[in-house]
Amino acid sequence: LPRIIIGLSAPVAMHFIVVFGGEFYSGNTMYFGVGLMKKRVTLLQAVHNLVSVFFWNAMGIVISAFLFTWLTQIFMAEPTLSFIRAAAEAKAKISFGISFARAIPANVLICTAIQMGISAREMTGKLLALHIPLTVYLVAGFEHCITNIVIVTFGVMHGADVDMVFWLFNNLLASTLGNLVGGGLVVGGFVTLLYSWDEEHGNTNMPALETIEGAFKKLAKVPLTLANPFRADPTRRRSVMDVMKGRRGSVVETELEATKKELEAAQDKLREMEEMLLASYAAMTAQGAATAAARVLKEKSFSRENSLSQSVPTTPGPLSVHIPPTRGSNDDVSDLQ
């Protein structure tokens, strides 16, 4: 339970260091490891920075412990007092080899957290990326030189029985060297191989092929007789670098050939679509022309019929004559009867 509590609370210090741009020995081992591998800094500059930062980190811990823990007496009550003493005495009894071995994964986790923290854009992502790996390292019980200074300083101020000479050599020196290996060689080496660190643009997130090739420079100077897998003269003596470049060139040629075939297929499809569109346009044009001709013919026939109907005269109907009856006609008829 105490480890879990410390593991959840202690990483807050790393939040302030990364967010406000502070100098920290563990993170600087990774930075200068990459700088040395990429020849951006000299060995003297790296040693000067790491020694200076380590010294001032230690001084800050001692001054803060005196001002904020010893003078305030916040750890004088039990069981906190016994826990601090026991933790400091346990650190002073670890052997050199164990301290060195535990320090390598400790700084691997710390530098991984820093790398993820500086890569995150949102503040929430930064804090989570910094917090989780540090919690893992603290709960697991790995050794970290700066943390060991904190624990032993607190313990000595509160009456812990610590052999300082034994602790300085077997724990502090061993954990400092182990942290250097974990941060500078392990994490720094992988970061150098995975990413291209450019002097002007920083981390460009591009594969560092130059670094991979640089790792084979010594081998490249030794000529080796290898069977040529690219149908060249198999008796030709080729270096390792020639083989690597040849393979990479064949891969590029294969990709270009595949891209060329895809472009040709796309051009064929476009040509077919163009022909279909032209045929559709021609059919629509012919249909429109036929419709227009039929309309013209219909209009001409209609006008001709109108002109004929106006030129032919109409025949008169039969004449009808109305003869009015005469007076006395009825009497004459009756007389005849």
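The values are calculated or read from the model by the stated rules, or taken from the named source; none is laboratory data. What you see is a predicted model, and the numbers here were worked out from it, not measured in a lab. Here Cβ is always computed from backbone atoms with ideal geometry, including for glycine, and neighbour counts include all displayed protein chains. Side chains included, ligands, DNA and RNA excluded: accessible areas come from the protein's heavy atoms. Shrake-Rupley method; radii C 1.70, N 1.55, O 1.52, S 1.80 Å.
The single condition among (1) open to solvent by 70 Å² or more (accessible area, probe 1.4 Å); (2) part of a helix (DSSP H, G or I); (3) within 30 Å of Phe190 (Cβ to Cβ); (4) at pLDDT below 90 that Leu130 does not meet is (1). Listed by first and then second residue, the pairs with beta-carbon distance under 8 Å, at least 6 apart or on different chains, first residue in region 68-86 and closer than 11 Å to Phe154 by Cα, second polar (S, T, N, Q), are Phe75/Thr69. Entry remark, region 1-33: residues being in contact with a helix residue (DSSP H, G or I) (Cβ under 6 Å, 6 or more places away or on another chain) and more than 20 Å from His144 (Cβ to Cβ) number 0 in total.
Here is the figure for region 133-163: residues that are open to solvent by less than 40 Å² (accessible area, probe 1.4 Å) and among the hydrophobic types (A, V, I, L, M, F, W, C) total 8.
Within region 156-163, is even one residue closer than 28 Å to Gly35 by Cα and in contact with a helix residue (DSSP H, G or I) (Cβ under 8 Å, 6 or more places away or on another chain)?
no
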